[in-house]
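In what follows, a structure is listed as C-alpha cells, so that the remarks can point back to it.
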Amino acid sequence: MVAPAFEYAAAGSYDEAVRLLAENGEEAKILAGGQSLMPMLNLRLAHPGLLIDINPADQRPLTLENEILLLPALTRHRVLLEDPTVRQHCPLLAEAVRHVGNVRVRNRGTIAGSLAHADPTSEIGCCALATGTRVVARGPAGERTIPASDLFAGYWTTTLDPAEIITDVLIPAARPRQGWSFQEMVRRTSDFAIVAVSVIFNVAERTGEPASATVALAGVADRVVLADPRLLNDDPDESAARIAESLDPPDDVHASGAYRRRLARVLTARALREAAARAAV
C-alpha cells in the first residue's frame with residue numbers, strides 16, 4: 001500500500017487548529033476553501049505533512065454589529081456576492097467578488113483564505129485596504145486584531161505568526177453619502193487581475209463637499225497597496241496620474257510594468273469619477 005502524501009485532521013474548533021499548527025510547525029497547512037491550496041498541491045508547489053481542515057470549526061453566519069460587518073473566516077465568496085446585508089453595507093466588496101475566479105471558486109473560496117493567501121492581484125485584498133478592514137487572528141498567545149494595511153508583507157506572505165489563524169474579518173459599514181467603485185482589467189474572465197482598483201469616496205453630509213477618498217490597487221507591487229492620500233486632489237485625472245507615477249510595477253509574462261502603470265492611471269481616474277458620482281446621489 002502506498003503511504004499517504006500527508007496526514008489529515010479535521011479541527012473541531014479554532015483552538016484545536018491552533019494547537020495542531022503549533023505542534024506541527026511548517027509541516028502543517030490550513031484547509032478552508034482550498035481554492036489556492038489544492039492547485040498548489042496538484043502542481044507539487046506545496047508539500048504539507050499535515051492538512052488541517054477548519055471547516056468543522058465554524059458555522060457562524062455573518063452579522064452587522066455596531067456599524068461593523070462581522071464576517072466569520074469561512075464566509076464563502078458566494079455569500080459575499082449574494083447576501084443583502086453585504087450588498088447594503090459593503091457594496092464595494094459585493095461588486096469585487098463578482099470578479100473572483102469562476103462559479104466553482106466562489107462557491108468554495110473563503111474571505112479569510114483569500115486574505116491569508118495574500119495574492120498581490122487579489123480583488124478581496126484590494127477591497128480590504130480601501131474599506132479599512134481588520135482581521136482577528138488567533139494563536140497560541142490568544143487573539144489580536146490586525147488592520148489590513150498591516151497584514152500583507154509581500155508576495156503570498158502575511159504578518160500572521162506561523163501558528164495564527166484568521167477567525168473573523170471586520171469591515172466598517174458604509175457611511176451615508178459614501179461612494180465606491182471597483183475597476184479591473186483582466187485578459188479573460190476569471191483570470192488574475194492585471195490591475196485592479198478599489199475606491200471609497202466620502203462627502204460631508206451637511207455640505208455635500210468631498211471629505212476624503214481612499215484608493216487601493218492590486219497588481220502593481222508585491223502586495224496590494226494603498227495610494228498615498230497626499231496624491232489626491234479634486235481632479236480625478238490629475239490624482240490618477242500622480243498615483244500612477246508613484247508606482248513601480250513589475251514586468252512579468254502577463255504585462256510590462258509600463259502597461260500596468262498606464263492601466264493604474266486609467267482605472268483610478270475611472271474609479272474616482274464613479275465613486276464621486278455615487279456619493280453625490
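Numerical summary
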{"read-out": "In Å², nearest 10: area of Leu43 left accessible to a 1.4 Å probe", "value": "120"}
{"read-out": "Chain lengthening between Glu245 and Ser190 when straightened (0.36 nm per residue, less Cα-Cα)", "value": "17.0 nm"}
{"read-out": "Spin-label model distance (nm) - Ala153 vs Asp53, 7 Å beyond Cα toward Cβ", "value": "2.9"}
{"read-out": "Cα coordinate range in the chain, projected on the principal axes (Å, largest first)", "value": "67, 45, 33"}
{"read-out": "Space enclosed by the convex hull of the alpha-carbon atoms of region 166-235, per residue, Å³", "value": "144"}
{"read-out": "Rounded FRET efficiency, nearest 0.05, which uses the C-beta distance separating Ser212 from Ala22 and R0 of 41 Å", "value": "0.50"}
{"read-out": "Alpha-carbon Rg with Dmax, taken over region 88-144, Å", "value": "12.6, 37"}
{"read-out": "Accessible carbon and sulfur surface of the chain relative to its total accessible area, %, 1.4 Å", "value": "51"}
{"read-out": "Extent along principal axes [Cα atoms of region 1-116; Å; largest to smallest]", "value": "52, 30, 21"}
{"read-out": "Per principal axis, descending, Cα span of region 131-281 in whole Å", "value": "48, 46, 30"}
{"read-out": "Accessible area of Glu23 in the full protein assembly, 1.4 Å probe (Å², nearest 10)", "value": "120"}
{"read-out": "Average accessible surface area per residue within the chain, 1.4 Å rolling probe, Å²", "value": "50"}
{"read-out": "Order of exposure, largest accessible area first, which applies to His89, His77, His254 with probe 1.4 Å", "value": "His254, His89, His77"}
{"read-out": "Taking only Cα atoms of region 51-210, radius of gyration then Dmax in Å", "value": "15.6, 55"}
{"read-out": "Percent of C-alpha pairs per 5 Å bin, region 46-113, short to long", "value": "3, 16, 24, 23, 16, 9, 5, 3, 0"}
{"read-out": "In region 184-281, the trypsin sites (Lys or Arg not before Pro) that fall in loop regions by DSSP, at most 12 other Cβ within 10 Å", "value": "Arg187, Arg188, Arg206"}
{"read-out": "Beta bridge orientation in the chain: antiparallel %, DSSP, nearest 5", "value": "85"}
{"read-out": "Label point at Asp161 placed 7 Å out along Cα→Cβ; residues across region 19-44 whose backbone nitrogen lies under 16 Å", "value": "19-26"}
{"read-out": "10 Å binning of all Cα-Cα separations within region 22-68, expressed as whole percents from 0 upward", "value": "22, 39, 22, 15, 2"}
{"read-out": "Gain on full stretching of the segment that runs from Ala204 to Asp234 - 0.36 nm per residue minus C-alpha separation", "value": "9.4 nm"}
{"read-out": "Unit charges on C-beta of K, R, D, E only; dipole of region 182-281, Debye", "value": "220"}
{"read-out": "Stokes-Einstein translational diffusion, region 154-203 - Kirkwood Rh over all Cα pairs, 1.002 mPa s, 20 °C, in µm²/s", "value": "147"}
{"read-out": "Modelled FRET efficiency - R0 45 Å, Ala280 with Met40, Cβ distances, 0.05 increments", "value": "0.50"}
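The values are calculated or read from the model by the stated rules, or taken from the named source; none is laboratory data. This structure is a prediction, so every number in the text was calculated from the model and none was measured. Here the Cβ is made from the backbone with ideal geometry for all residues, glycine too, and neighbour counts use every protein chain on show. Areas reflect the complete protein model, heavy atoms only, side chains present, ligands, DNA and RNA absent. Shrake-Rupley method; radii C 1.70, N 1.55, O 1.52, S 1.80 Å.
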